[in-house]
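A.B. asks: Dropping a structure here in structure tokens format, bear with me for questions.
Just so you know, all these numbers are worked out from the coordinates, no wet-lab data involved. None of the values given here were measured: they were computed from a predicted structure. We place every Cβ from the backbone using ideal geometry, glycine too, and count neighbours over all the protein chains shown.
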Amino acid sequence: MPYQGLVPNLKNLYRIALDALFPSRCYGCGTYDTFLCQSCFKLLPRRSPVTVVFEHSTDKPDGLDSLTSALFFRAPIVSLLIHDFKFQGIEAISTPLTQCLTQALEHTSLPLPYIITPVPLHPRRLRDRGYNQSALIASILTNTLNTPALITTFQPLLKRIRHTPPQSKS
């Protein structure tokens, strides 16, 4: 197809034009040219390394051993960052979110994961959003975790089998 590479190039030109007309601003303080400056990144409301381990619980979901949370979602800046990352297509927000997740994982009492796999999106949702947010975070996380273990991303360990309504409105 002769126009196959045209759409991604047009999207890049569109992003460049938007960045020139409307430069990014820090979600915390409004500083230009960044979505989250270092000062505001340091002020993000982090959870103490909280890890929930399911050992012999009857409430344990199948295949789930533990959960780790990096940030307080109910904090306005965190919920806005996550919302815009998911629904506004601002891929650059993945960097500070992944940095927080990396720090949380490195400070838990559990060993670092051997396998990281993204949660797949239904093809329709992927088309609407333009990218899979969990795949982006998994990819960055793989490159930032300090572990001698083999970490694998993008393995087809999970498969989306049905389209479900979005958890939130865009």
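A.B. asks: Roughly speaking, what is the stretch gain from HIS107 to LEU13, that is 0.36 nm per residue apart minus the C-alpha to C-alpha distance, in nm to one decimal?
C.D. replies: Going from the current span to full extension adds 29.8 nm.
A.B. asks: Separate question: Sequence-distant or interchain residues sharing an amide H contact under 5 Å with PHE72, placed H: which?
C.D. replies: The list, which skips near neighbours in sequence, is ARG47.
A.B. asks: Right, next: Multiply the residue separation of ASP128 and SER48 by 0.36 nm, subtract the distance between their alpha-carbon atoms, and state the gained length in nm to one decimal.
C.D. replies: Stretched fully, the ASP128-SER48 segment lengthens by 25.3 nm.
A.B. asks: Within 10 Å, count the other beta carbons around each residue, average over each peptide in 71-81, 95-105, and list them highest first.
C.D. replies: 95-105, 71-81
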